[in-house]
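*Asks:* One structure is given below, represented as structure tokens, and several questions about it will come after.
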Amino acid sequence: MWVLERVAALRAREDRVGPAAARGFGVFSLGLGLAELLAPGALKGALGLRHPSDEVVRAAYGAREFGVGAALLAQPHRPEWMWARVAGDALDIATLIAGDRSDNPKRTTLRSALAGMLAITAADVALALRLSRPDPATGLFGRELPGVARVRGAAGMMGEHLTKKLHLTKKAHLTKKAHLAKKVLPAAVLLARRARLNDKRVLAGGGAALVLGAAAVTLAVLNAKKTKGGTSDMPQKGAIERAVTVNMPRQALYAQWRDFARAPRWMEIVESVSETGEGHHWVVRGPGDKRIEYDTVITEDRPGEVLAWESVKGATVRSTNRLEFRDAPGGRGTEIHATMTYHPPGGPLGKVAALVTQKAPELQVRRDLRRFKQLMETGEIATTEGPGAAPSGRDKVKQ
Amino acid sequence: MRALTWHGKHDMRVDTVPDPEIVNPRDIVIKVTSTAICGSDLHAYDGMIPTFQAGDVLGHEFMGIVEEVGPGVKGKPGAPKKGDRVIVPFTIACGSCFFCEKTLFSCCDNSNPAPNQDIADALLGFSPAGLFGYSHMLGGYAGGQAEYARVPFGDVGPQIIPDGVDDDKVLFLTDILPTGWMAAENAQIEPGDTVAVWGCGPVGLFAVQSAFLMGAAEVIAIDHYPHRLELAARFGAKTLNFHEVKVREALTEMTGGRGPDSVIDAVGMEAHGFSPDNLLDFVTQELKLGNTERPHALREAILAVRKGGTVSVPGVYGGFGQNIPLGAIVNKGLTLKSGQTHVQRYTAKLLEMILEGTIDTTFLISHRMSLEDGPKGYKGFKSEQDKYTKVVLKPR
């Protein structure tokens, strides 16, 4: 049933997202390819790759990248070009891994590039898979090579069998996957960033995990239901919910939040919040420390109980936020229940970017609640920042 | 300042790193006078603990003189002042959260920085307290095998030591003494009980002493290093060398066919010995095949303990182990207790016992070295465990 459902869904929807995304990747490929072609030395220097032949190779890579980009733009429906991108990604990853030597002075940059490459590969694989789905009109895998089609057909049937066997509906299946990926990916990214990636096995294992995780997230995001409407018609589905218990009375905690200007103290990516008259103006740091500004209005305000706000119509970041303050059972302080939805600039890819760069609201809301709790209960926020406080002299991750 | 830093498996170096400073209001900075290498540091040394990072300063057993006091500690009644000598518990605790109020200090909600808690959440379900120098999952704080150390919540953890008491006598209040004590407490010993202790390292040896102090009639200590077994025998324990006897058979014999009332696994994730289960663990652990532990001692303890007995686990485990005899836990009706030590709960009481002479601590120290010789200390403690029972480093 799973395959049929999927075909029906495709038919109903007319896959527009896939080719659109493929076009996006096409433009990206063109740009990167051009950069590699025109300045192969710069990239080589930046990554600390040392062989003289690297320059020639890099230029060849650039030509390949450029070619694939052009092909993608011309024929965004054809999965072959996406698969070509995937093959190219594999080559790039292999090159980067080869350059991951202890004597490479640019090792950190190279590894960042590698991490980025892995994420991009994941997205490429996801999109290629999506484009390789059976033709909605014929139900055949007409856009693939015949052998691949057969294998995929068999895999699809096995998937259907498994789904049945596990009594999972397709939706539950996907939600579960997405849920898992959302939980595991950020931790994996953080681990990868912090753990000492000193041996190739770890790197390869971590890379594979990252690719799988990122692929799952990308798939989940691409499969997410599209909703129409403005800021006032926020889908409550997919809302992020987090709770924390603070050893203090409700009123005091509410008062802290109500004074929005204090938020940057515990909200990591928030730089400032100021009054605008109707509401508040937020300045936050997005992926790549890009500054994002938007306005919000308060939608519900019941002192000591509820505080809710949402972005104004047309804001760069569309979000709704609701905090509920409840007495914890047995007089054990206050439970703060936070619910939020958000749509970052850049759509689905923006969400993936936010996750990978640790700027995703699902991470932030949890960490911010914890920081708030620490501040309230102890008068300070635990940190390993500061001279000598971070254990490692060389790597002080901004927290 | 100079500090002993981790750079990977079996790679410890003495580096010059930035001096610590007061960062948060309740911080204090101490000038370290003595710091020890812990058995759990060896797990890190062996590369068994996830989320270490090259350059991390190790060390969670340290004491010294208060050099600087944050504004949140200054003038607080009972809090350390500049110039005080203090021992520093290895668990960092805020003293005011739900868990600290229940004296579950090693479960403190607030001492692990928020992003680090995410890592612990993923691996453990919830994040425990931050620890000194023991991976980024558990705080990412710089440790005390250094000339100076920043101590968060300086008003909660550090215990002031009276003048005239030698460092060596009180240094182990930071970890291994309370850990051995809590292990015995977790074993729920009743007067007349027989207690078996796997591992005669520092924690095992303190557990032996503690078990007797709590009324155990008999303590049986298990190891394979003759010198360590000798030390256990010095405190009145009967000893078993697992290279000479079959441990479970011997224990059953020695307890009249009933089994010990309580068992303590003071070995943890890197059991020694060539039993088939341990060899299999070794392979899967090395190849990272979903296994991070070698819990041979725990398996044996669970099978050896009498029906309705208690299993206490002070030994360090970090991730996921395999083939734990769950059937024995259920069908024999066992109680399993564990935990990182709630050091702050015990320091005052144990200090008093040391000063009274009830507990002997200095017997353990086999080597005293300078901080610069730290890497040598690690190597010896790892590879010559019969000679090295405890290494104490003196930064100056």
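Just so you know, all these numbers are worked out from the coordinates, no wet-lab data involved. Nothing here was measured: the structure is a model prediction, and the numbers come from that model. As a convention, Cβ positions derive from the backbone with ideal geometry for all residues, glycine included, and neighbour counts pool all protein chains shown.
*Asks:* At a Förster distance of 51 Å, what's the computed FRET efficiency of A:D100 paired with B:S370, Cβ-Cβ distance as r, to 0.05?
*Replies:* Values: r = 36 Å, r/R0 = 0.71.
FRET efficiency, A:D100 to B:S370: 0.90.
*Asks:* In what sequence do B:D56, B:D11 fall when counting other Cβ within 10 Å, fewest first?
*Replies:* B:D11, B:D56
*Asks:* Taking the Cα centroid of region B:10-79 and of region B:166-182, what is the distance between the two, rounded to the nearest whole Å?
*Replies:* 16
*Asks:* Can I ask one more? Using a ≥ b ≥ c from the Cα gyration tensor of region B:93-158 (square roots of the eigenvalues), is it rounded, prolate or oblate, where a/c under 1.5 gives rounded and otherwise the larger of a/b and b/c decides, a/b for prolate?
*Replies:* In terms of gyration-tensor shape, oblate.
*Asks:* Still on this structure, I have one more. Taking square-rooted eigenvalues a ≥ b ≥ c of the alpha carbon gyration tensor, is region B:335-374 rounded, prolate or oblate, where a/c under 1.5 means rounded and, failing that, a/b exceeding b/c means prolate?
*Replies:* oblate
*Asks:* Separate question: For region B:342-396, state which chymotrypsin sites (Phe, Trp or Tyr not before Pro) are in a DSSP loop and have at most 13 other beta carbons lying within 10 Å of their beta carbon. It would help to have the intermediate numbers written out before the result.
*Replies:* Details: sites: B:Y346, B:F363, B:Y378, B:F381, B:Y388; in loops: B:Y388.
Those that pass, being in a loop and sparsely packed, number zero.
*Asks:* A further question follows. In region A:262-325, what GluC sites (Glu not before Pro) fall in a loop by DSSP, with at most 10 other Cβ atoms inside 10 Å?
*Replies:* Those satisfying the criteria are A:E278.
*Asks:* Further question on the same structure: Quick one: B:F98, B:F90, A:F260, fewest Cβ neighbours within 10 Å first, how do they rank?
*Replies:* Listed from fewest to most nearby Cβ atoms, that is B:F98, A:F260, B:F90.
*Asks:* Using DSSP to call loops (not H, G, I, E or B), can you name the trypsin sites (Lys or Arg not before Pro) in region B:272-346 whose Cβ has at most 15 other Cβ atoms within 10 angstrom?
*Replies:* Hits after loop and neighbour filter: B:K288, B:K307.
*Asks:* Continuing with the same structure: Give me the one-decimal nm value for the distance between modelled label points at B:N323 and B:K238, 7 Å along each residue's Cα-to-Cβ direction.
*Replies:* 2.8
*Asks:* May I pose another question? Taking the simple approach of a point 7 Å from Cα along Cα-to-Cβ for both B:F282 and B:K379, what is their distance in nm?
*Replies:* In this crude spin-label approximation the distance works out to 2.3 nm.
*Asks:* Let me ask something else about it. Could you give the length gained on full extension between B:F363 and B:D386, defined as 0.36 nm per residue of separation minus the Cα-Cα distance, in nm?
*Replies:* 6.9 nm
*Asks:* Starting from the Cα of A:L91, step 7 Å along the direction of its Cβ; do the same at B:V245; then give the gap between the two resulting points in nm.
*Replies:* Computed distance between label sites A:L91 and B:V245 equals 6.9 nm.
*Asks:* At 0.36 nm per residue, minus the direct Cα-Cα distance, what do B:E190 and B:I65 gain on full extension? Give it in nm, one decimal, please. Please list the in-between numbers first.
*Replies:* On the way: separation 125, 0.36 × 125 = 45.00 nm, distance 3.96 nm.
Contour length minus Cα-Cα distance gives 41.0 nm.
*Asks:* Too long at a 24 Å Cα-Cα cut-off: which of B:K82/B:K169; B:K9/B:K288; B:K337/B:K387; B:K81/B:K394; B:K31/B:K74?
*Replies:* Correct reply: B:K337/B:K387.
*Asks:* At a threshold of 8 angstrom on Cα-Cα distance, excluding pairs fewer than six apart, so keeping six or more, what relative contact order does region A:231-378 reach in percent?
*Replies:* Here the relative contact order equals 29 percent.
*Asks:* Let me have the relative contact order for region B:1-132, percent, based on Cα pairs under 8 Å that are six or more residues apart.
*Replies:* On the way: 238 pairs, mean separation 26.5, N = 132.
Across region B:1-132, relative contact order equals 20 percent.
*Asks:* Calculate the mean, over all residues of peptide B:131-138, of how many other protein chain Cβ atoms lie within 10 angstrom of the residue's Cβ.
*Replies:* For peptide B:131-138, the averaged partner shielding equals 3.
*Asks:* For a quick check: sort B:R248, A:R367 by the number of other beta carbons within 10 angstrom, fewest at the front. Intermediate results must be reported in sequence, preceding the final value.
*Replies:* Details: B:R248 13, A:R367 23.
Listed from fewest to most nearby Cβ atoms, that is B:R248, A:R367.
*Asks:* Given all pairs of different Cα atoms, what value in angstroms does the Kirkwood hydrodynamic radius of region B:177-338 take?
*Replies:* Values: mean 1/r = 0.0651 Å⁻¹.
Computed over Cα pairs of region B:177-338, the Kirkwood hydrodynamic radius comes out at 15.4 Å.
*Asks:* Where in region A:298-333 does the amide nitrogen come within less than 15 Å of the point 7 Å from the Cα of A:T276, taken along Cα to Cβ?
*Replies:* Residues A:298-299, A:309-321 fall inside that zone.
*Asks:* Now a separate question. At a Cα cut-off below 17 Å, give the aspartates and glutamates reachable from B:K238, other chains included and same-chain residues fewer than 8 away excluded.
*Replies:* B:D193, B:E218, B:D223, B:E230, B:E249, B:E253, B:D261, B:D265
*Asks:* Which shape class, rounded, prolate or oblate, goes with region B:292-395 when its Cα gyration tensor gives a ≥ b ≥ c as root eigenvalues, a/c under 1.5 marks rounded, and past that a/b bigger than b/c marks prolate?
*Replies:* Details: a/c = 2.62, a/b = 1.55, b/c = 1.69.
Since a/c reaches 1.5 but b/c is at least a/b, the shape of region B:292-395 is classed as oblate.
*Asks:* Once Rh for chain B is found with the Kirkwood sum over Cα pairs, what is the Stokes-Einstein diffusion coefficient at 37 °C and 0.692 mPa s, in µm²/s? It would help to have the intermediate numbers written out before the result.
*Replies:* Values: Rh = 21.1 Å.
The estimated diffusion coefficient comes to 156 µm²/s.
*Asks:* So what's the convex hull volume per residue for the Cα atoms of region A:231-378, in Å³?
*Replies:* On the way: hull volume 16.0 nm³, N = 148.
Once divided by residue count, the hull of region A:231-378 is 108 Å³.
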